[in-house]
Amino acid sequence: MPSTRNPARWAAVLAVLCAGGGLLAAPPAQAADSTPTTAELLAKCNHGTDKCVFHPAGALEIFAGPAHQVGDLAYNCTEDPQTSSRAWEDTTGESNSLGVSLREEFEVGSTFGPTYKFAFEQSYKHTWSNSHTESQTTFLNVPPGEVGWVTRSPQMQRAKGTYELIFGKRFHGHYYWYVPFEATGPADLPSTKSQRSRPMTEKERQTYC
């Protein structure tokens, strides 16, 4: 890049604010330039840019997602412990700081989703998946007079960083734009399943027993 562009680069280190969804104000010299939206910038990733890359920052975070019920409830209306089978299927999706679907970006041929996936997998040596579906049949041990169910807590992964978009010609007054980004998705690790039960309510007894 010629040296005459360097001042523009540092003057244009503007970033999409993850929380507010807006852009930092441009320098006074560029006040007349309109400010592109996040969607406009990311739509240009490898579709109008000389270069579009995602730079991961910091360590990959692995954590347990919220536990939630999967499958139907099992009611034990007898006076003895009972074992009931429950077949279930559960899908875990992704989310991100910009509120866009990376899965849809893959489907419509946009490149900022694949750009993120490539940088993520190269940096962390983990697979990035936009969704993961798990299915299983669980045998529930339900005490007498109680209702039982299965809970699942998926393993999740979170990474953050910045998209760097470099234009051959000024885009909204600048050659360089920077978009902070954070995404959370299912990790390629076993989920945690557990069995739970509680006494049936009187209404449940009248309905199911």
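The values are calculated or read from the model by the stated rules, or taken from the named source; none is laboratory data. Bear in mind the structure is a predicted one, so any value in this text is a computation, not a measurement. Don't worry about glycine lacking a Cβ; one is built from the backbone with ideal geometry, like all the others, and counts go over all protein chains shown. Side chains are part of the model used for accessible areas, which takes the heavy atoms of the whole protein and leaves out ligands, DNA and RNA. Shrake-Rupley method; radii C 1.70, N 1.55, O 1.52, S 1.80 Å.
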- Message: So for the range 183-195 (the condition being surrounded by 17 or more Cβ atoms within 10 Å (Cβ to Cβ), at pLDDT below 95, more than 21 Å from Ser84 (Cα to Cα) and not hydrophobic (A, V, I, L, M, F, W, C)), does at least one residue qualify?
- Response: no
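Let's see how each residue does on (1) modelled with pLDDT of 95 or more; (2) closer than 30 Å to Val147 by Cα; (3) among the β-branched types (Val, Ile, Thr):
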{"site": "Gly22", "(1), (2), (3)": "no, no, no"}
{"site": "Gln30", "(1), (2), (3)": "no, no, no"}
{"site": "Asp72", "(1), (2), (3)": "yes, yes, no"}
{"site": "Ser101", "(1), (2), (3)": "no, no, no"}
{"site": "Tyr124", "(1), (2), (3)": "yes, no, no"}
- Task: State the number of residues belonging to the range 48-85 that are open to solvent by less than 40 Å² (accessible area, probe 1.4 Å), under 30 Å from Cys209 (Cα atoms) and among the β-branched types (Val, Ile, Thr).
- Result: 1
- Item | Of residues in the range 142-176 being of a type in the set (Lys, Arg) and in contact (Cβ under 8 Å) with a residue 40 or more places away in the chain, the one surrounded by the fewest Cβ atoms within 10 Å (Cβ to Cβ) | Arg170
- Matching residues in the range 86-97 - criterion: being surrounded by 18 or more Cβ atoms within 10 Å (Cβ to Cβ) and either among the hydrophobic types (A, V, I, L, M, F, W, C) or part of a strand (DSSP E or B) (or both): Arg86, Asp90, Thr92, Asn96
- Query: Condition test on Val179, is it crowded, with 18+ Cβ neighbours inside 10 Å and over 24 Å from Ala59 (Cβ atoms)?
  - Reply: no
